[in-house]
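The values are calculated or read from the model by the stated rules, or taken from the named source; none is laboratory data. The shown structure was predicted, so the numbers you read here are calculated from the model rather than taken from an experiment. Neighbour counts are summed over all protein chains in view; Cβ atoms, including those assigned to glycine, are modelled from backbone coordinates with ideal geometry. We work out accessible area using only protein heavy atoms, side chains counted, and drop any ligands, DNA or RNA first. Shrake-Rupley method; radii C 1.70, N 1.55, O 1.52, S 1.80 Å.
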Amino acid sequence: MKKFIETIKNIYKIEELRHRLLITFLFVVVYRFGSFIALPGIDTTQLAALSKQTEGGLMMLLDMFSGGAFSNASIFALGIMPYISASIVVQLLGMAFPYFKKLQQEGESGHRKINQITRYLTVLILLIQGPAYLLNLKMQIGQVVPAGTFFMVTSTLILAAGSMFVLWLGERITERGVGNGISLIIMVGIVARFPRALVGEFTSRLNEATGGLVMFVAEIVFLLIVIALAILLVQGVRRVPVQYAKRVVGNKQYGGVRQFIPLKVNAANVMPIIFAQAIMFIPASLIGFFAKDGEISSFAMAFLNNNGFWYNLVFFLLIILFTYFYTAVIINPTQMAEEMKRNNGFIPGIKPGKKTAEYLDTIMSRITLPGSIFLGIVAILPAFAGLFGVSNAFAQFFGGTSLLIMVGVILDTLQQIETYLVNRHYDGFSSNGSRIKGRGAIY
């Protein structure tokens, strides 16, 4: 406790860090405040049916990612997910079309063009998801939703503007605050639901005739174990030894040292779950179009039940697929082999160049498979928690997107804060001198 208090004091002493933390807090407050501002014309006292719809299934996840804005019929109801969906599409286009692949390789200028294209695509997705959300809203609380084209058009524009404003807030946090803004916004939306879910689970267990409190304690212990496993998944690496040959330039000797390339077991981090979740959100986003005479088709229902067999099977397979896809995007064995060769480095027992690239590719394939399977298992753990009587709201924190995003974003943010402390010659968060290992931003 003394170490923690001392760290807080050191954080306060660093003016730049203090200023960035304050900005981050204020922007988060603005985001949370906007989550409770309802669309014009909506009677907020009549939203009970919409709230009930988000108590389970995929709608609950949509509400969680929006920080409750979805069930509040808020101007931020669509949240940040349309931007994530657009980013997925653009990255997929980079593998299919040379133009986008060229942009990805053009450095900062190409990155700016990709961002611009992603924003345009985000607006297009919003203009599709907006009416779908309003149709679902009308289906749930039709008696209090204003009728007419004017409401549909204006509300769609407001929803689109709200999501773009959330994106702007995330970018400002990244630029002027601490951590990755978009990742923080997603995490804040998840964490906002945790206290209510915890209290709800505790109350329901106390109401049980026998063994309720014991079951609650067991749930907490299991949750802590899953969190520990998630941290291992985020930080696990396979170190590949690299030997650098000796070079003599003038009177100085360079090289002759042995280093390691840290290849992460889960190089894609939480991105495969984000990608897969965005795909699984499509049926829920278009629920208004699936409905016929107020009833939803059996196909749509199968993918709206996040505790169902077919939903979790498809979700699990998508995670494995996207893990390999995203790892291939961010890890380039050929480029790594060329960099080593230019710096007179080689892996002992492996020829430089093509053989080194093949060796690195083989290692990445071998460690990615168990990593992807483990990631998929963690992602579908909430469904198994539900089988043991855990409430839907609390079960979401036993794994899946919620847990991994919280663990990843918290570790990444703490790592950035610790970097400020160490650069100013203060101790970090750990008392033994070890450093926190982040996993990089979601976006």
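Laid out as a table, the results:
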read-out	value
Burial ranking of peptide ranges 176-183, 165-172 (average Cβ count within 10 Å, highest at the top)	176-183, 165-172
Solvent exposure of region 100-186 as accessible area per residue, Å², 1.4 Å probe	48
Label-zone membership for region 367-389, site residue 324, 7 angstrom Cα→C-beta point, backbone N under 18 Å	367-377
Inter-probe distance in nm under a simple model that places probes 7 Å from Cα toward Cβ, at residue 341 and residue 422	3.3
Extension gain (nm, one decimal) between residue 115 and residue 30, 0.36 nm per residue minus Cα-Cα	28.2 nm
Residue order for 102, 2, 354, 264 - accessible surface, 1.4 angstrom probe, largest first	2, 354, 102, 264
Estimated FRET transfer efficiency (residue 97, residue 196; beta-carbon r; R0 35 Å; 0.05)	0.20
Rough spin-label spacing in nm, given labels placed 7 Å along Cα→Cβ, for residue 206 and residue 147	4.7
Kirkwood-Stokes translational diffusion coefficient of region 144-199, alpha-carbon pairs, 37 °C, 0.692 mPa s, µm²/s	243
Extent along principal axes [Cα atoms of region 104-195; Å; largest to smallest]	51, 37, 18
Theoretical gain in end-to-end length, residue 282 to residue 225 [0.36 nm per residue, Cα-Cα removed]	17.3 nm
Largest to smallest principal axis extent of the C-alpha atoms in region 313-367, angstrom	46, 19, 12
Scattering curve values for region 307-425, log₁₀ I(q)/I(0), Debye with Cα scatterers, q = 0.09, 0.20 Å⁻¹	-0.43, -1.03
Assigned charges on the beta-carbon of Lys, Arg, Asp, Glu; region 320-408 dipole about Cα centre (debye)	280
Tensor-based shape of region 68-225 (alpha-carbon gyration tensor, a/c under 1.5 rounded, otherwise prolate or oblate)	oblate
Filter on 102/354; 264/354; 113/355; 2/264; 113/354; 102/351 - keep pairs with C-alpha separation over 25 Å	113/355; 2/264; 113/354; 102/351
Tensor-based shape of region 64-151 (alpha-carbon gyration tensor, a/c under 1.5 rounded, otherwise prolate or oblate)	prolate
Residue-level accessible surface for residue 359, protein heavy atoms, 1.4 Å, Å²	70
